[in-house]
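Notes follow once the structure below has been shown.
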Amino acid sequence: MTDPIAFLLVAAAFGFAVSIGAHYTGACMGMPYAAGAIRAGRALLLMAPLALVGAVFASGAVVETVGHGILLTTSVALGLALAIVVSALVLTSAYNFFTIPTSTIQILVFSTVGAGLAAGIAIHWSTIGTLLVLWAVAPFAAFGLGYLFVRAADHFRPRPTGTSNLTHAAVIGLVGVGAAASFAMGANDVANASGALVMTGLLGVMAAALIGGLGLALGVLTWGRPLLKTVAFDIVELDPRMAISSQLAQSTVILIAVAFGLFTSMNQALVGAMIGTGIARRRTPVLWKAVRGILIGWAVGPLSGAALGFALPAAFRGAGLY
C-alpha cells in the first residue's frame, strides 16, 4: 500500500469509524445509563469491545453489500472511495457536533449513490430499493416488538411503579440488552467505514472490518459521552421494563437485518421500539420535541449525503486525488 491516496482512504475510513462509534453510544447504552443501571464510564468500557467483536465477527455480509452491492462496478477508484468516505464523515461529524442522532447508514448509502452518479457508474437500484423498504419497515417492526415485549412482561409480572430502586434483575437486564445492542451496532454499522476499503479491492472483508471495529471502539471511548447523555436524557422517559423491552426490540430488528446482509438505523429502531412500549402502557415515553429534531435529521441526512457525495469527486479531481 504505497499509494498516498490509499493511506488517506484508510485514515479517513478509520476516522469515520471513530465518529460512528461516538454517534451510536446513546442508541446502545443510553437506556441502561438513563435508568441508573450503569455509570457512563463503565457503559462505554463495556460497549467498546463488544462493538469491536460485532464488527469483526458478524459484519461480513453487510460489508459485502456496501463494498459490492451499491455501485455496479468491479472496482472503485481510490479517489472516488475517498470522496464517499469524506462526504459521510464530514456530515456525520457535523451532526455529532450538534448532537443530532441522524442515520449514518442513510448518509453513507446516499453519499455512495451521489459519488457514483458523479463518476458515471451505474447504481444497483435494486439494493437501494431493498434498503429503502427496510428503513421504512424497521421502525414499525421495532414498534411492534417493543409493544409485544412489554405487554408480555407485564402479563407475567405486576407492572412496575417507577424508575427508582432498581432491582438486581432489572440492572442485569438493562446492562444485558445494552451489551446486545453494542454488539449489534458493530455488526450493523462498521460497513459504513470499512465498505469503502472493500469496494476498491484495497483490503479484504475481515481486515477492513477489523480496522473499522477498532475505530468504533476508539470513538466510543473518546467521544461517546456527550451523545450518550443526549439520547439518554433528552428522549427517554421509561421505566426499567419498558427500557429493556425497547432495547431488546431494537437489537432483534438490527440483528435480523444483518443476517440478510442489510443494515438499518439503530436510532430509528430504538425510537420506534420506545413508542411501542409507550403505547402498550397507554402513555407517551418520548419527548416529542426531541423526536421532531431527529426526524428532521433523518430527512436532511440522505439529501445532504447525496449532494456532497455528488460534489466531492469533481473537487477531488481538481486536487489531483481522483
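So how many residues does segment 163-175 have that are at pLDDT 95 or above and surrounded by fewer than 16 Cβ atoms within 10 Å (Cβ to Cβ)?
Within segment 163-175, residues that are at pLDDT 95 or above and surrounded by fewer than 16 Cβ atoms within 10 Å (Cβ to Cβ) number 1.
Each row is one residue, and each column tells you yes or no for (1) within 27 Å of Ala35 (Cβ to Cβ); (2) modelled with pLDDT of 95 or more.
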{"site": "Ala207", "(1), (2)": "no, yes"}
{"site": "Gly213", "(1), (2)": "no, yes"}
{"site": "Leu216", "(1), (2)": "yes, yes"}
{"site": "Thr230", "(1), (2)": "yes, no"}
{"site": "Ile235", "(1), (2)": "yes, no"}
{"site": "Val258", "(1), (2)": "yes, yes"}
{"site": "Gly261", "(1), (2)": "no, yes"}
{"site": "Gln268", "(1), (2)": "yes, no"}
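Does at least one position in segment 186-194 carry a residue that is at pLDDT 90 or above, out of contact with any helix residue (DSSP H, G or I) (no Cβ under 7 Å at 6 or more places or on another chain) and under 30 Å from Gly309 (Cβ atoms)? If you could, list the steps in order and put the result at the bottom.
Applying the first criterion (at pLDDT 90 or above) to segment 186-194 yields 186-194.
This time we only want the ones that are out of contact with any helix residue (DSSP H, G or I) (no Cβ under 7 Å at 6 or more places or on another chain), so: none.
Within segment 186-194 (the criterion being at pLDDT 90 or above, out of contact with any helix residue (DSSP H, G or I) (no Cβ under 7 Å at 6 or more places or on another chain) and under 30 Å from Gly309 (Cβ atoms)), the answer is no, since none of the residues qualifies.
Are any of the residues in segment 105-117 crowded, with 21+ Cβ neighbours inside 10 Å, over 14 Å from Gly301 (Cα atoms) and in contact (Cβ under 8 Å) with a residue 24 or more places away in the chain? Give the derivation first.
Initial filter on segment 105-117 (crowded, with 21+ Cβ neighbours inside 10 Å): 105-116.
This time we only want the ones that are over 14 Å from Gly301 (Cα atoms), so: 115-116.
When the remaining residues are screened for being in contact (Cβ under 8 Å) with a residue 24 or more places away in the chain, the result is 115-116.
Checked segment 105-117: at least one residue is crowded, with 21+ Cβ neighbours inside 10 Å, over 14 Å from Gly301 (Cα atoms) and in contact (Cβ under 8 Å) with a residue 24 or more places away in the chain.
How about segment 121-146: which of its residues are among the hydroxyl-bearing types (Ser, Thr, Tyr) and either under 19 Å from the mean Cα position of the chain (by Cα) or crowded, with 21+ Cβ neighbours inside 10 Å (or both)?
Within segment 121-146, Thr127, Thr130 meet the criteria.
From the list Leu134, Leu91, which one is within 20 Å of Leu216 (Cα to Cα), in contact (Cβ under 8 Å) with a residue 60 or more places away in the chain and either of a type outside the set (Asp, Glu) or in contact with a Cys (Cβ under 7 Å, 6 or more places away or on another chain) (or both)?
Result of the check over Leu134, Leu91: Leu91.
Within segment 34-45, work out how many residues are crowded, with 19+ Cβ neighbours inside 10 Å and at pLDDT 90 or above.
4
Take the residues in segment 1-49 that are assigned to a helix (DSSP H, G or I) and of a type in the set (Phe, Trp, Tyr); name whichever of them is nearest to Met185 (Cα to Cα).
Phe16
Could you go through segment 149-162 and let me know if any residue there is buried (at least 21 other Cβ atoms within 10 Å of the Cβ), touching a residue at least 24 places away in the same chain (Cβ under 8 Å), in contact with a Leu (Cβ under 9 Å, 6 or more places away or on another chain) and under 29 Å from Thr65 (Cβ atoms).
yes
Run down Ala12, Ala48, Ala81 and say which single residue is under 15 Å from Ala217 (Cβ atoms), modelled with pLDDT of 95 or more and of a type in the set (Gly, Ala, Ser).
Going through Ala12, Ala48, Ala81 in turn, just one is under 15 Å from Ala217 (Cβ atoms), modelled with pLDDT of 95 or more and of a type in the set (Gly, Ala, Ser): Ala48.
Determine whether Ala61 is touching a residue at least 60 places away in the same chain (Cβ under 8 Å), surrounded by 22 or more Cβ atoms within 10 Å (Cβ to Cβ) and of a type in the set (A, V, I, L, M, F, W, C). First the steps, then the outcome.
Details: touching a residue at least 60 places away in the same chain (Cβ under 8 Å): yes; surrounded by 22 or more Cβ atoms within 10 Å (Cβ to Cβ): no; of a type in the set (A, V, I, L, M, F, W, C): yes.
It is false that Ala61 is touching a residue at least 60 places away in the same chain (Cβ under 8 Å), surrounded by 22 or more Cβ atoms within 10 Å (Cβ to Cβ) and of a type in the set (A, V, I, L, M, F, W, C).
Can you go through Met199, Met185 and tell me which one is under 24 Å from the mean Cα position of the chain (by Cα), over 24 Å from Asn267 (Cβ atoms) and not β-branched (Val, Ile, Thr)?
Just one listed residue meets the conditions, Met199.
Can you find a residue that is under 16 Å from Ile128 (Cα atoms), in contact with a His (Cβ under 8 Å, 6 or more places away or on another chain) and either assigned to a helix (DSSP H, G or I) or touching a residue at least 60 places away in the same chain (Cβ under 8 Å) (or both) anywhere in segment 71-85?
Within segment 71-85 (the criterion being under 16 Å from Ile128 (Cα atoms), in contact with a His (Cβ under 8 Å, 6 or more places away or on another chain) and either assigned to a helix (DSSP H, G or I) or touching a residue at least 60 places away in the same chain (Cβ under 8 Å) (or both)), the answer is yes, since at least one residue qualifies.
The values are calculated or read from the model by the stated rules, or taken from the named source; none is laboratory data. Small disclaimer: the values here were computed from a predicted structure and weren't measured. Quick reminder, even Gly has a Cβ in these numbers, built from the backbone with ideal geometry, and neighbours come from all protein chains shown.
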